[in-house]
Each structure stands twice: as structure tokens, then as C-alpha cells.
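Attaching a single structure in C-alpha cells format; questions to follow.
The values are calculated or read from the model by the stated rules, or taken from the named source; none is laboratory data. None of these values were measured; they are calculated from a predicted model. No Cβ is skipped: glycine too gets one built from the backbone with ideal geometry, and neighbour counts run over all protein chains shown. Only protein heavy atoms, including side chains, enter the accessible area calculation; ligands, DNA and RNA are left aside. Shrake-Rupley method; radii C 1.70, N 1.55, O 1.52, S 1.80 Å.
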Amino acid sequence: SGYASLAVAEFPRKVVWSSIMTPLGRVNFFNTHLSNTSGATRFVQAGQIMQFVRAQEQANPGVASILTGDFNDVPGSGPIQLLVGNGSDTTFDDTFREANPSLPGFTVPAGSPTSRIDCVFYLRSGQFTVEQSEVTFSQPYAPNLYPSDHYGVMSTFAKQTTPKISAPSSIVFPSLLIGTRDSINLKISSASIVPLEIVSITNSDPVFQIIGV
């Protein structure tokens, strides 16, 4: 469906976007391959990928955004940390780490694994959850011959149910004199790519009134 060119080190690199219509809704799928040699360039490329993903999501809202590829960097490195951020809805989650919190995982080099550089990420604001994630292509098809110079990662997703959004359990008003009144504004919002729908608002105490929605 489209692509963006990334900062160049040893070779030109891109992030490729596919808009895929599924029975669950539109999935924005991204694939990339970061620089082999330059960590500084990989960091720049990761930032460019984030910008490209946000632009496509805004123009083509979907139920989920998935980013895969050979990132040439291990979990905990600067470029990967830029993608996963601080856990906010605008950043990605590492599916293998979420499904296997006690395992470091590994994908490279095939036949003598030492670290994981191939990842499947998904944007936290989407409607998917991770069911499982595992290392693949890890068995030779002939003596010392593997399907790739890396192992791979395969993740399985499910669509999460619509969460129920509840207001705070209590709203504290300041002390008031008898016969006076005050009001408090309550704002409910969602960082998800799916529009927030407020189905109903009820008031169980006649002392209080809802004066606007």
C-alpha cells in the first residue's frame, strides 16, 4: 500500500506498509529492515518508522497496527526502546517478551543462537492481544543448513473484547455553605485508534445533577 525511505547507512532501507482487510477489520501491517552496521542510523530509522506508522494510522484507522522485521538490534537497545517507549498507547509492545516474559529469545545467528534481532511488535492502542509468540525456522532442513541466516518470530493475535469504561469511584467537591452550589468538569477520553463511544450516563443521587454532556 505504500512505503517510506529511511536514513541510509550501508544500503538504502525502507519501511513498507500494507493495509489488510481482515474479518476483524483493517490491519495496518508494516515491515522493515534496519541498518546492519550503524546503531546511530538504526535509532534515526526507528524514529522515522514511528512517524510513518502514526501518519498511516491517522489516514487509515484500523483495529490494529503490527510492525515486523529484522531490526539488527537486541531488546534493550536504543532503537528498540524508542519503539516500545514507556508503555504508552502511542508506542509498540514486543510480542515475544509479552508472551514469554522469562525468556530472552534468540534469532541470530541460526545454528548458534546468541541474541534476538527479529521482532513482531504491535501498537498498544489497537484492539489485538497476543495469544502466543515463538521462535521459528530454528531447525535445519539439511545438515547445518537453515531456512535463513536468522531464526524467525511468529506471533498469534486475538481481538480483545470492548473494555468497559467506568468513571472514577468518587468525585470530591470542596466544602460548601448551605444554599450554595459548585460544579466539576469530568472528561473521559481514549488514546485508542478506535473512537470512544459513551453509551449512557446515569445519576443515582438527586442531590447532584448532570448539567451538560
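Restricting to the stretch 127-149, count the residues that are more than 9 Å from Gly111 (Cα to Cα) and of a type in the set (S, T, N, Q).
6
Shifting gears a bit: Within the stretch 41-67, can you find the residues that are touching a strand residue (DSSP E or B) at 6+ places or on another chain (Cβ under 8 Å) and of a type in the set (D, E, K, R)?
Selection gives Glu57 alone.
What are the pairs, 6+ residues apart or on separate chains, where a residue within the stretch 110-130 that is in contact (Cβ under 8 Å) with a residue 12 or more places away in the chain and polar (S, T, N, Q) has its Cβ under 8 Å from a residue that is outside any strand (DSSP E or B) and open to solvent by less than 30 Å² (accessible area, probe 1.4 Å)?
Ser115/Thr107; Gln127/Val63
Any residue in the stretch 41-54 that is of a type outside the set (Phe, Trp, Tyr), in contact with an Asp or Glu (Cβ under 6 Å, 6 or more places away or on another chain) and in a loop (DSSP other than H, G, I, E, B)?
no
Six or more apart or on different chains, Cβ under 6 Å: which pairs go from a residue in the stretch 74-90 that's without any contact (Cβ under 8 Å) to a residue 40 or more places away in the chain to one that's in a loop (DSSP other than H, G, I, E, B)? Could you list them?
Here the result reads Ile80/Asp73; Val84/Thr91; Gly85/Thr91, each pair linking the stretch 74-90 to a residue that is in a loop (DSSP other than H, G, I, E, B).
If you go through the stretch 78-118 one residue at a time, how many are open to solvent by less than 20 Å² (accessible area, probe 1.4 Å) and part of a loop (DSSP other than H, G, I, E, B)?
5
Hey, can you tell me all the residues within the stretch 48-77 that are open to solvent by less than 50 Å² (accessible area, probe 1.4 Å) and in contact with a Leu (Cβ under 6 Å, 6 or more places away or on another chain)?
Val63, Ser65, Phe71, Asn72
Looking at the stretch 1-40, which of the residues that are open to solvent by less than 70 Å² (accessible area, probe 1.4 Å) and part of a loop (DSSP other than H, G, I, E, B) is nearest to Gly85 (Cα to Cα)?
Of everything passing the filter in the stretch 1-40, Leu34 is nearest to Gly85 (Cα to Cα).
Would you check if Ser65 is within 11 Å of the chain's Cα centre (by Cα) and either under 16 Å from Ile20 (Cα atoms) or part of a strand (DSSP E or B) (or both)?
Here the answer is yes, as Ser65 does meet what is asked.
Residues are listed down the side, and each one gets a yes or a no for (1) in contact with a Pro (Cβ under 8 Å, 6 or more places away or on another chain); (2) of a type in the set (Phe, Trp, Tyr); (3) modelled with pLDDT under 80; (4) more than 30 Å from Arg116 (Cβ to Cβ):
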{"position": "Phe173", "(1), (2), (3), (4)": "no, yes, yes, yes"}
{"position": "Arg181", "(1), (2), (3), (4)": "no, no, no, yes"}
{"position": "Ile188", "(1), (2), (3), (4)": "no, no, yes, yes"}
{"position": "Val194", "(1), (2), (3), (4)": "yes, no, yes, yes"}
{"position": "Thr202", "(1), (2), (3), (4)": "no, no, yes, yes"}
